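Heads up, the thing below is written out as structure tokens.
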């Protein structure tokens with residue numbers, strides 16, 4: 001992104017910056033960035049805004065510790081609005097909520113994938129996911145097969161709730177299998193995008 005090519009002149013040197021959770025795609029908040037805030041975000045890896053009330057740069061979480069770890073930024077077609085993707089570390093909203101927009105839609109699969117990634121990294125001893133990872137790829141693949149069969153059987157012999165429950169189990173185990181092989185939901189989505197015609 002060429003920072004100088006952005007439409008800074010439209011709103012007195014400020015651009016609205018919509019922040020989205022990089023995993024769940026939930027809209028977290030709206031802030032404003034000037035050139036310096038955007039440069040600071042890119043250099044520090046922490047999402048930084050220009051506070052209109054304080055008239056200074058403000059890094060999200062500088063008081064609460066609930067930072068937004070920068071992932072990516074893109075601009076809209078008019079170069080006057082930014083879409084920032086970040087990984088939140090704690091609630092984003094000052095009211096203690098995940099998002100400043102409490103009913104903002106999000107991807108449950110994205111949230112599940114992020115949880116599985118944490119379980120793989122942290123390996124809590126009381127976690128079923130940890131036990132799966134420690135059982136190895138072969139055991140996880142076996143579980144995916146079992147859940148696939150149970151999903152198919154539920155589709156032809158059981159009610160809707162049973163089908164959805166089995167499909168959820170299948171999706172969970174598939175995400176664990178992908179993570180065991182070094183992939184995540186983003187990689188699966190990239191593979192699906194390649195199939196678009």
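No value in this document is a laboratory result; all are computed from the given coordinates. In this text, all values refer to a predicted model and were calculated from it rather than measured experimentally. Cβ placement follows ideal geometry from the backbone for every residue including glycine, while neighbour counts extend to all protein chains displayed.
Some values worked out for this structure:
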{"quantity": "Acute angle (nearest 10 degrees) that the helix 160-180 long axis makes with the longest principal axis of the chain, alpha-carbon atoms", "calculated": "70 degrees"}
{"quantity": "Label point at residue 97 placed 7 Å out along Cα→Cβ; residues across segment 20-49 whose backbone nitrogen lies under 19 Å", "calculated": "20-22, 24-32"}
{"quantity": "Rounded to 10°, Cα long-axis angle of helix 108-122 versus longest principal axis of the chain", "calculated": "80 degrees"}
{"quantity": "D_trans [Stokes-Einstein, Kirkwood Rh over alpha-carbon pairs] for segment 3-88, 10 °C, 1.306 mPa s, µm² s⁻¹", "calculated": "125 µm²/s"}
{"quantity": "FRET efficiency estimate (nearest 0.05) - Cβ-Cβ, residue 121 to residue 80, R0 45 angstrom", "calculated": "0.75"}
{"quantity": "C-alpha long axis of helix 35-44 to longest principal axis of the chain, angle in °", "calculated": "40 degrees"}
{"quantity": "Computed [θ] at 222 nm, helices only, for the chain once each DSSP H run of length n ≥ 4 contributes -39500 (n - 2.57)", "calculated": "-14500 deg cm²/dmol"}
{"quantity": "Relative contact order of the chain, pairs being alpha-carbon contacts under 8 Å that are 6 or more residues apart, as %", "calculated": "17 percent"}
